[in-house]
Structure formats: C-alpha cells, structure tokens
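Here the structure is laid out as structure tokens; the discussion comes afterwards.
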Amino acid sequence: MSLRHWLSALLCAASVTAACAAPRDDRKPPVTVIGNFIDPSEADEVLFSPDGKIVMLPASQPVLWDVTSGLPLRVLKDQIFLTASAFTPNGAVFAAGYKDGFIRLWDVSSGTTRAKFRAKPRPERNNEPDEIRSLWIDAKGDLLVSGDRGGIVTIWRIATQQQVLRVLLPDAPRVLSAKLSADGMRLIVLTRRPGQADSVFDYDAHSGVKLSSYDLDNGQTFLNYGYFGDDAATIVVSGDNCARGELMLFALRDRKTLASLYKPENCTKKADDDPTVLARVLSNAGATKLLIAPFAEEGLLLFDVKKRQADRTIHWPGRKDPANTIGASGDLTLLATREDDGIRLRNPDSGAVIKDLRSFGGGAKNIMDRDEHILLQRDPSGHNKPIELHALDAAAATVVKSQIDPGFTVFHFAAAPKLAIAGNDQGQALLLSLDTGREVRKLTIPELREMWQARLSPDGKLALVLGLSTKENADSIVRVAAAIDIENDKVLKAFEAADSDHAVTGFALSPDGKTFALGRRNGTAELRDAKTLVVKAGFAAAKEDGDVNALAFSPDGRFLIGGGMFDSDVFIWNVGGGKAVRTFDMGDLVAGYRYASTLAMSRDDKTLAAGLTQRAVSSGDTGAERGNIVVWDVATGKLRFTLRGHAGAIYALAFSADGRRIISGSLDGTIRYWDRNDGRLLATIAGTADGKWLAQTEAGFYAGSDGSDAAVVIVRRNTAIPGAQARKLLYRPDLVEQLLKGDKDGRYRDAVRTLPEALSRALAN
C-alpha cells in the first residue's frame, strides 16, 4: 500500500493513544500500546517511587515513566490541577491531591482510580473545599495525612478511606506540610498565613488535642522545596548574617537552628527575592543525608544530618547550573534535571546522563488547517535556526525545510497553491512556498508594527492581516487590519476603526474565497466582497457587551460562526438574514478566561465544534481548559460532549469530508482524530523537527516514517517496552486504512480483539 493512499485516508479520519486491554490476572497482565506524544518538559518536580523504578511527573497531566527503559507508562487523566502527591511505601498506589479538595488513590500498575474522597470543608468558608497542599503516607502504608489551603488536616485510613482524625487549625492558615511522628503519637503541622509568620502546630494524633504551637521568629520562613522530619525542618533565615537568606536546619521542638546548610555567595537582597525558593532540598529515605540544589549558584551540596555538617560539594564537569535539579531517588543515586527538551536522570556525582525522558517530536509552535490540510510549524532546538514546516495533505507527507528568517511566525496557508503566510514584529509579511520552503516575496505593511493574525484566500491571491498599529495610544491598544493583493504586493485597504470598541479583532474567508468577514471588538461583524472590498452585509452583536475574536464560515457558506474572547460565548449568524440564530453555552468548566480560539461546523450543518485556549490562568481555576474541544448540536444548542486529551491550546479544527471525524490540531504538537458521534479518540499524528512522523490508532496499530518506532511503547503493568519489539504486529498501515474507511467487513475489529494475546506471546518469546 502506498503512503499516498493510506495517508489520504488518514487525513479523512484517525485517532490517538492506543490501548488494548487483556483480562487482568497474574498470568496475563494488562498490555497497553501507547504513543509517546507526552512532553515531560513542563514538570517542575519529579517524584521517585520507593524502589526507584518509576518516576512520576506531577505536571498538569501527571505521567508515570519507567526508569529502566526511559519510556512513559501511562497518564493519570484528570482535568483538575494536581497540587500534592505521594507514593505508598510499596509503590503500588499513588496518592494525588487536587485543587478542588479531592484526593485520588491511583493504581500505579493500571492507571485506574481506586478511590476518590475529600474532607468536609470549613463551615466559616461557606463550605467551599480548599485545594490539597500536603500529602504524607506513613511507613506501613496504612495512614494518609492531608492538609489543605484552608487549614484542615485530616488523617485517613488508606484501605477504607475512612477519616481517623480531623483537625481545624485556628485562623485557617495554609498547610505547608503535615505528618505523623515516627511513633505515630504526634501530628506535626507547618503552616503559612499571608503577611504573617510561618507557624508550627503539634497535636496528639489520637485525640486531636493541641500540644503546642508557635510562630517562627522575624526573618525566618520555611523553604518551599525543603526537608521536614520528626524534629527538624529547613528554614531560611534572613538578617544581618545574610540579607538574602541563609538555609538552616531548624529544631522544631527546641525552636532553634541546628546548623547552616547553605549560605549564598552573594547575600545582597534584591527587591524580588523570595526566600522560600532559595534552594531545593532533597533527602534520602532515612533522612540521614540532605542534598541541597541552590537556585542561583553552581554546585550541589551534600549534608550529613547526624553529624550536623557538610559532607561535600559536587560540581558536574562542563555544567554550571544545577538549579534545574527537580527530584532524587530515595537512595540519592539518581537525580532528575529539567532540560529544554525533556527530563534527564543523572548520576549525582558526575552529572552523567543515565536516561532521557523525552517525547516523540516536541511542541508545535503553530498548527493551521484548511479543510483537512494541516501544517505543523516547529522550532528546532536552539535559537536563530530555520523553522521547519511539516505539510500534511491528502496527497503526501513532506517536510519543508524553510528559509524563514528568525522572528517570523507562520499564521496560515493555502493548500492548492501551496503557499504559507508568515509575519514578524516589524510589520513584515512573508509569503513562503510549501514546495521549496523558500521565500516567495516579502512585504512591509504601513502602520503595522507587529503581526498577530493572517489568512490567505484559497487561491493564495488575497491575504488578510491583523496586528498592532504603529500609532501610539497611551490609553488602549491600537489595532490595524488590512487586505493585501499578494500578486501585486499591494495593500488594498486598511480597515480603520473610529475607536477601540470598533477595532477589527478577527476575520474569516468564505470557502469559495469570494467574500470575507470582519469581526469587531463590540461584537458586530460585516461581510465584504473579496474583489471590491465593498460591504455586502452587516451583523448586529449576538449579545449585549459581546465581542468577536474567532470567526469561521460553515462549509456551505450559509452561516457565519463567531466566538468572543472576553465573554467566551460562541454564536451563529445566518449570512442571508444577517441575524444571530443561536448562542451556545460551554457548560460547566473548570477554568475562567477560556475562549474559542478556532471554530468549525460539519458539512451537514448539524454539529458545531469549538477548540479552546485561555488568555490567562485565574487563581480561581481548578483546572485547565486549553486543549479541550466543545461540541454542540446546532439545531438545539445542546452541548453533546467535551473532547479532552490535548495538552496545549487548539489552533486548528475541521470536520472530515465524510463528516465522521473531528480533526484537531494543538500547540502540544499533535493532531488528533475523534469520532463525531460519540467523541471517542481514534488516532493521533505527530511529527518531529527532523522530518519523522507517526500515526497511531486507538488499538496500537501504527504507520510512520523510518525512526517512528521510537515513539511506540508497549506497557505491561509497570514495565515499558520499545514498540520495535513487536513491529511485525503493530506496524500495520493496512489496518490503519481499514479503520478509517469504516471497517465494513470487521477486519480491523477482529485484529483489535486478537492483539492483546498476540502481544503477550510475542513478548514472552
């Protein structure tokens, strides 16, 4: 089967993470096939399992990785922000605390939830639950101690999730850490209240009676990433000795410093210095050694807790910045460092890389689409290097090594003439050939200081651009929008606004390229002739105080779909009548400041989809909405479902020609294919900056370029195996095509049914 034929089918419909589940028992452990499309580089902490064989990256989507292979095991999917975490001593359960106050117990070997529970909120806080800030598990794995932002500390029995003890701290401080003493008799709590001193509370672990409490002295504060033991913790002491702060070991019962752990070489305090992030302190399982990673100086410091003295300073040859150390194994034989392209596990003495944790490819800076043609724009590692464009269309998968000057961003492309348009922050527009990757022409647009958006007509002869105006205005941002005659390098018209309320904020070209629509900040829109630029129709705001940010035509051109950035509504105008037909409600969401960054309607005008992003993250958000896709029934306005899985904002969205698939492109670097009827994820496509690409179905069958095997992972409980070991079973472009054609004879379905057993036999051999 030719690449042309199966990729043509693929771009009409396909899917993402692959999973084929075998019966769960000891003889036949579950087997899962996944695609390594998971970018670990956003993690700011790495948590090792007690045996050091698994690491958890508690980022926005927590991921388990196999240390031995350096391959991902599974994602623990929950849309709520993870705020605290801990492994049980046997490593079988991962306890996760969330911003909505819930605690989940995850089965590490399967990725399923064993339990979900939360403490009763404080009555004086209107019974609103507070985010979990601290989780601790005792040495036997029997008890879990949780502490939240509202000053509630709870002891739970892990096996039953029953509450053993609940303590409400006075004045509702934020719990930094909470744990039981080694003998289980005392509950020790460290807290913080904004603008006040950090505090220590000591309770009887059985009765909840307070034994003692006190505030730290002036100039003392607990370290955010510090050590906390039975009778000692790490604090930062600021004062005459070091204004910036000196890291000290502090006796909790005696209320005095025991030893200096780290004193910065430069003690001069800057206005924005935060003493709570002076360094990261990691300890071994017995807490006999502390490893200190300063955030602003060279070297790692090893401290002997029993001797109360420094053990040694570690310098890695050729490496000057240990500030990216974000985790360590319990025996301190492995350190985790965050790099630009992923996470590295290193030898703590030499800094030598033991294992790389990386995703296949990397994040895409931009993804664009017209119908089912998709373009991925990637920045290779390093600055001032040419950007590479991956052109995926119904005819071929090619890599265009462009000659774009640094600073340009590609905004859109026209599939038929194979042209892309880019812009920079100097008011320049660049036209690029997708055949050669070379510049066709460059145009400087008067009064445009920085380009924000651009669109090309289907024939590539007209461009619409929007950006920041050169006109200075101290009171508000001044925008400029223009129509450009590409063939004659001529600005046809600049669309001026009488004031910021009437400024152009979005635009869309009709499917036939004969008209285009402009949306404005006040929620109105207008339809113009693409040749004469004359206004053909006007559209009143769909709602009071609304705005227009995203615009799209329905495939037949009968409807104009709009979406606001500030009110986040999605609505439809009837092009013929000029009236708003319906407004669509996004339903209950876990984040504010989210809006539709791209819109698409099915060819039968029955289904509407909006890809979401966020213009900001609010302190009130309990989770993220960027990367989600909301799908409605057009006739009733009813929300059908929300598609979740992308880790980055959605900037490309389309329905397949046959109407069976929703295709989404995200800044996470993946293109995903979903079943329009039930929202199932069907397949994923991803590419790399060096031209490799992979397409994988939901069952694990895949097709791709040479080298794409590296992105296929077979998971059996807590072991990750390179997919290349079962290439003969999984590399099946014919089955990919079969799935996408509808699998009318059931061949793909039968293959999925037999795959787990076949994989088990293959791995046994």
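Structure data summary
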| read-out | value |
| --- | --- |
| Region 163-197: number of residues that are under 32 Å from the mean Cα position of the chain (by Cα) and touching a residue at least 60 places away in the same chain (Cβ under 8 Å) | 0 |
| Residue tally, condition assigned to a strand (DSSP E or B) and free of Cβ contacts under 8 Å to residues at least 40 places away in the same chain, over region 32-74 | 2 |
| Region 415-444 - residue that is assigned to a loop (DSSP other than H, G, I, E, B) and touching a strand residue (DSSP E or B) at 6+ places or on another chain (Cβ under 6 Å) and, of those, surrounded by the fewest Cβ atoms within 10 Å (Cβ to Cβ) | D425 |
| Of all residues making up region 151-183, the number that are at positive phi and out of contact with any Pro (no Cβ under 6 Å at 6 or more places or on another chain) | 3 |
| Hits in region 118-147 - residues which are surrounded by fewer than 16 Cβ atoms within 10 Å (Cβ to Cβ) and in contact (Cβ under 8 Å) with a residue 40 or more places away in the chain | K120, E124, R125, A139, K140 |
| Only listed residue being hydroxyl-bearing (S, T, Y) and part of a loop (DSSP other than H, G, I, E, B), chosen from T154, T160 | T160 |
| Meets criteria (at pLDDT below 95, in a strand (DSSP E or B) and either within 30 Å of L82 (Cβ to Cβ) or more than 25 Å from the chain's Cα centre (by Cα) (or both)) for V590 | no |
| Hits in region 726-752 (condition: in a loop (DSSP other than H, G, I, E, B) and more than 22 Å from N765 (Cβ to Cβ)) | K741, G742, D743, K744, D745, G746 |
| Selection status of V491, touching a residue at least 40 places away in the same chain (Cβ under 8 Å), among the β-branched types (V, I, T) and on the phi < 0 side of the Ramachandran plot | yes |
| Single match in T113, T160, T154 (criterion: of a type in the set (S, T, Y), free of Cβ contacts under 8 Å to residues at least 40 places away in the same chain and exposed (fewer than 14 other Cβ atoms within 10 Å of the Cβ)) | T160 |
| Any chance L302 is part of a strand (DSSP E or B) and either out of contact with any Lys or Arg (no Cβ under 8 Å at 6 or more places or on another chain) or touching a residue at least 60 places away in the same chain (Cβ under 8 Å) (or both) | no |
| Selected residue (only one of A279, A233, A251 is at pLDDT 95 or above, of a type in the set (G, A, S) and under 35 Å from the mean Cα position of the chain (by Cα)) | A233 |
| Members of region 682-725 that are over 20 Å from D341 (Cβ atoms), assigned to a helix (DSSP H, G or I) and free of Cβ contacts under 8 Å to residues at least 40 places away in the same chain | A724, Q725 |
| Within region 64-81, considering residues that are surrounded by fewer than 21 Cβ atoms within 10 Å (Cβ to Cβ) and within 19 Å of the chain's Cα centre (by Cα), the one nearest to G330 (Cα to Cα) | V75 |
| Selection within region 203-230 - surrounded by fewer than 18 Cβ atoms within 10 Å (Cβ to Cβ), of a type outside the set (S, T, N, Q) and modelled with pLDDT of 95 or more | D204, H206, G208, V209, K210, L211, Y214, D215, D217 |
| Failed item, numbered, when N241 is tested on (1) out of contact with any Gly (no Cβ under 6 Å at 6 or more places or on another chain); (2) at pLDDT 90 or above | (2) |
| Strands (runs of 3 or more DSSP E) lying entirely in region 165-252 (those with 2 or more residues that are aliphatic (A, V, I, L, M) and touching a Lys or Arg at 6+ places or on another chain (Cβ under 7 Å)) | 174-180 |
| Enumeration of residues in region 479-509 that are of a type in the set (S, T, N, Q) and surrounded by fewer than 20 Cβ atoms within 10 Å (Cβ to Cβ) | N488, S500 |
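To keep it simple, each residue is scored yes or no on (1) part of a loop (DSSP other than H, G, I, E, B); (2) buried (at least 20 other Cβ atoms within 10 Å of the Cβ); (3) of a type outside the set (S, T, N, Q); (4) without any contact (Cβ under 8 Å) to a residue 12 or more places away in the chain.
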residue	(1), (2), (3), (4)
K543	yes, no, yes, no
L551	no, yes, yes, no
P555	yes, no, yes, no
F566	yes, no, yes, no
S597	no, yes, no, no
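The values are calculated or read from the model by the stated rules, or taken from the named source; none is laboratory data. Nothing here was measured: the structure is a model prediction, and the numbers come from that model. All Cβ positions, even for glycine, are placed from backbone atoms using ideal geometry, and neighbour counts span all protein chains on display.
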